[in-house]
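The values are calculated or read from the model by the stated rules, or taken from the named source; none is laboratory data. Everything quoted here is computed from the prediction, not taken from an experiment. Every residue, glycine as well, gets a Cβ built from its backbone with ideal geometry; the counts of neighbours run over all protein chains shown.
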Amino acid sequence: MLICRRVWLPMLTLCLTVLLASMTTTAGLHAAGGKKLPEAEVNDEGLHVQPWFLDSFLDLREDAAEAAAANKQLVIFWEQRGCPYCAEMHRVNLRIPETVDYITRHFVVLQLNLWGDRKVTDFDGEVLSEKKLARKWRVQFTPTINYLPKAMPANQQNAGHDLEVWRLMGYWKPFHFHHSFVYVREKGYDSQPNFQRWLQTKAEALRAQGKDVKLWD
């Protein structure tokens, strides 16, 4: 797992490599060959942006309702300027047509800036800047992905970090990244809360079907 950690000094980012031993036994999505999507543009805040990211008024309650109306669920990407692993996520993972197709068919993605000043309305109605919302949600690394439920509880008053069904932190190779979305959509966390174990079982099932599952491609 590769992460850029938020350090509470002005705009200071510490990028780290975290080695997880269990990952060495897990297969990766083959992404080296085949057609790739165009590279993402970089906006004025220094963030890589995808054309299919949600253009939002930043009321998360409305965004989640819009996603649910389309039979999708809301996902939030936290990124920051100068994060090489955010850039790698866009350069590699989000240029794979299969992955982008799966995400856009089943999810609505909103990008937030870890250090941003835009005002965001949380699910509990509190209005905060992006950077204050990141503190509230205990987001300390980029990239971080928050997966929200497809159906929100009726009359709920909880903040987003209490509602999320799962969270992915750091840069993960294509197979891992792609299947984090499969894990959430299929509610794999209900039967197997350990994502690495679920992922290894998924890789073994794909191999049993004769599919070519490659490590770290």
Kindly indicate which of I103, I76, I96 is out of contact with any strand residue (DSSP E or B) (no Cβ under 9 Å at 6 or more places or on another chain) and crowded, with 20+ Cβ neighbours inside 10 Å. I96
Would you say K150 is assigned to a helix (DSSP H, G or I), of a type in the set (K, R), at pLDDT below 95 and on the phi < 0 side of the Ramachandran plot? no
When only residues in the stretch 122-147 that are touching a residue at least 60 places away in the same chain (Cβ under 8 Å) and in contact with a helix residue (DSSP H, G or I) (Cβ under 6 Å, 6 or more places away or on another chain) count, which is farthest from Y85 (Cα to Cα)? F123
Give just the number: which of (1) modelled with pLDDT of 90 or more; (2) on the phi > 0 side of the Ramachandran plot; (3) in contact with a strand residue (DSSP E or B) (Cβ under 6 Å, 6 or more places away or on another chain) does K187 not satisfy? (3)
Can you tell me which condition H90 does not meet? The list is (1) in contact (Cβ under 8 Å) with a residue 12 or more places away in the chain; (2) over 21 Å from M169 (Cα atoms), and all the others hold. (2)
Scanning the stretch 163-180 for residues that are closer than 22 Å to N113 by Cβ and part of a helix (DSSP H, G or I) gives L163, F177, S180
So for the stretch 52-71 (the condition being in contact with a strand residue (DSSP E or B) (Cβ under 9 Å, 6 or more places away or on another chain), touching a residue at least 60 places away in the same chain (Cβ under 8 Å) and of a type in the set (S, T, N, Q)), does at least one residue qualify? no
Residue that is basic (K, R) and within 14 Å of the chain's Cα centre (by Cα), where the choices are R185, R138: R185
Just one of (1) out of contact with any strand residue (DSSP E or B) (no Cβ under 7 Å at 6 or more places or on another chain); (2) farther than 24 Å from Q50 by Cβ trips up H178, so point out which. (2)
Checked pairs for the stretch 32-46, first farther than 21 Å from L112 by Cβ and among the small types (G, A, S), second modelled with pLDDT under 95 and in a loop (DSSP other than H, G, I, E, B), C-beta under 7 Å and 6 or more apart or across chains, list as A32/D217
Of the criteria (1) at pLDDT 95 or above; (2) in contact with a helix residue (DSSP H, G or I) (Cβ under 8 Å, 6 or more places away or on another chain), which one I3 fails: (1)
Please pick out the residue among Q140, Q111 that is buried (at least 21 other Cβ atoms within 10 Å of the Cβ) and closer than 27 Å to E45 by Cβ. Q111
Collect the residues in the stretch 114-127 that are out of contact with any Gly (no Cβ under 8 Å at 6 or more places or on another chain) and either crowded, with 17+ Cβ neighbours inside 10 Å or among the basic types (K, R) (or both), keeping them in residue-number order. L114, W115, G116, R118, K119, V120, T121
In the set A208, A159, the lone residue that is closer than 24 Å to V109 by Cα and either more than 15 Å from the chain's Cα centre (by Cα) or crowded, with 16+ Cβ neighbours inside 10 Å (or both) is A159
Could you pull out the residue among Y102, Y85 that is among the aromatic types (F, W, Y), closer than 20 Å to E66 by Cα and within 15 Å of the chain's Cα centre (by Cα)? Y102
